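Nothing in this text is a laboratory measurement; each read-out follows from the coordinates by a stated rule. Fair warning: this is a prediction, and the values are worked out from it, not measured in the lab. Cβ coordinates were reconstructed from backbone atoms using ideal geometry, including for glycine residues, and neighbour counts include every protein chain displayed.
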Amino acid sequence: MPSLKHYLNGIHRKRGKALGLPELIAIALGGMVGGGIFTVLGISVAMVGVFTPLAIALGGLVAGLAAYSYIKLGTYYKDEGATYAFFKKTFPASPFAASLIGWWVVFGYISTLALYAYTFSSYALSNSDYADSEIARKLVAGAVIGFFMLVNIWSVKGMGKIEDLMVYSKLAILMVISFILINNSQTTLPQLYINNADTSPFDILIVAALTFVAYEGFQLVINAVNEMEAPDKNIPRAIYSAIGLAILIYVVIALGAILAIPFDDIIRDEEYALASGAGGVLGHWGTDLVILGALLATSSAISGTVFGASRQMAAIARDGYLPDLLARRKGNIPANAILAMCGLAFTLVLAGNLRVILEFGSVTFLLVSMLMAFANFRIRKKTKSNTTITIAAFTTLFAGTSFIFYYEYMVQPDQLYFIGGIFALLTTAAFLYAKWAERRKAISQKKTPALNL
């Protein structure tokens, strides 16, 4: 994750060594395995039942296709600005293109921050009398966002070590949980298949698209391009390895959950399904272990998202595509960007529920990844990209976005209006700031000759 990268970069400076492949895989895997699996499990089982592991695996394959363009652009540009920088450089004559990708990326991170915070609160309260209180969940979500906001504003020193501990601890706990659940199976896959025989392939594809947000984070490797050895080799190796490991972890956890926990329990307690289910199978200590894993996973994801995304927000503001106030720093810390990001994330928590936040986050990163595929296609000869793979990636990401919108239109049109309204506001703001940045640039160019006389 970003703060893990910060820590590893510190090691590099002390020892004079560049980041190697193991460290880069840790960055990507730490960025992906956050609160995603804890968030998507209950919703996925409610929609496709026994096919949840398959849907999650398909979501990982979509992430692999999306990663292709990130990797090609990353090894070509070698710019730590990643998504925003790639689009800006690919379309240098279009301020709107840079502004649009900037606004969408920033709010994509804000949605994941809200998602992780909501998941944190659901698991933190899952063993209390307030487990089903929406108000209590939102208040706890706000509190955890506020805590990491203050940590990121007042103290960056030592964050890397904390992140490192949280990343590897959560991975170990997740694997232990998976092993225990599988060894306490209450049914078999053939029996579950019989009970879910009416599940349609279209439903599986919708869930695959929804789970895409659980793989968001692999692009963090590119942020470390200036600190790594052999980026042309290690960027693709790290990203593809991390996606493969994330798929394995997610599928094994999902498999253990559907075999050991009754579907009715998972669906009923979808916001904290693993904790509730593990308690029923393993008793109180099982619940506590799952809660600990969820809190570690979401905490590291919240911390890393605030750390890295706030700096990208400040960089976009510095270029004139977000309010100038967000570019100001307190020392090296973009305090205003941190405050704005955390405030907007809490606003999204208050305005929506877990499902709508998940869907908004998935749609946002599907759209952003689709734009990355388009950018890569635009300069495919320069990036030496395979045209067929690039088109396949763009088409798959477009289809995934369409699946979610169609599902919302058919099942929950109100949520579609909410998501569509946010995108309309973001696109309008991006357009206005692009025009404003263009106008300021023109004024600056007019003043420059007069100053040189």
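Counting other C-beta atoms within 10 Å, which of Arg439, Arg137 has the fewest, and how do the rest follow? It would help to have the intermediate numbers written out before the result.
On the way: Arg439 12, Arg137 27.
Placing the least packed residue first, the sequence is Arg439, Arg137.
Choose one of Ile239, Tyr193, Ala275: the residue whose Cα lies farthest towards the positive end of the charge dipole of segment 189-323 (beta-carbon charges +1 Lys, Arg; -1 Asp, Glu; about the Cα centre).
The listed residue farthest towards the positive side: Ile239.
Using 0.36 nm per residue of separation minus the Cα-Cα distance, give me the extension gain between Leu432 and Ala399 in nm, one decimal. Each step should come with its number before you reach the end.
Values: separation 33, 0.36 × 33 = 11.88 nm, distance 2.90 nm.
Additional length available on full extension: 9.0 nm.
Which whole-Hz couplings ³J(HN,Hα) result when phi for each residue of segment 318-333 is put into the Karplus expression 6.51 cos²θ - 1.76 cosθ + 1.60, θ = phi - 60°, listed in order with x for Gly and Pro?
So the J values, rounded to whole Hz, are 4, 7, x, 9, 9, x, 4, 4, 6, 7, 6, 10, 9, x, 9, 9.
Based on the Kirkwood radius over alpha-carbon pairs, what value in µm²/s does the Stokes-Einstein equation return for the translational diffusion coefficient of the chain at 20 °C and 1.002 mPa s? Before the final figure, lay out each step's value.
On the way: Rh = 22.2 Å.
Translational diffusion coefficient: 96 µm²/s.
Evaluate the distance, in nm, between pseudo-label points positioned 7 Å from the Cα of Phe202 and of Lys381 along their respective Cα→Cβ axes.
Placing both labels 7 Å beyond Cα along the Cβ direction yields 4.2 nm.
Where does helix 52-77 land angle-wise versus the long Cα axis of the chain, in degrees 0 to 90, nearest 10?
The answer is roughly 20 degrees.
Between the helical axis of 354-378 and the dominant principal axis of the chain, each derived from Cα atoms, what acute angle in degrees is found, rounded to the nearest 10?
For helix 354-378, the angle is close to 50 degrees.
Given Cβ point charges of +1 (Lys, Arg) and -1 (Asp, Glu) and nothing else, what value in debye, to the nearest 20, does the dipole of the chain about its Cα centre take? Kindly include the intermediate steps, with their values, before the conclusion.
Values: 34 positive and 26 negative charges, 577 e Å.
My answer is approximately 2780 debye.
Shape of segment 228-348 from its Cα gyration tensor (a ≥ b ≥ c, root eigenvalues): rounded if a/c is under 1.5, otherwise prolate when a/b > b/c, or oblate?
oblate
Working from Cα positions, state the angle (0 to 90°, nearest 10) between the long axis of helix 387-411 and the longest principal axis of the chain.
60
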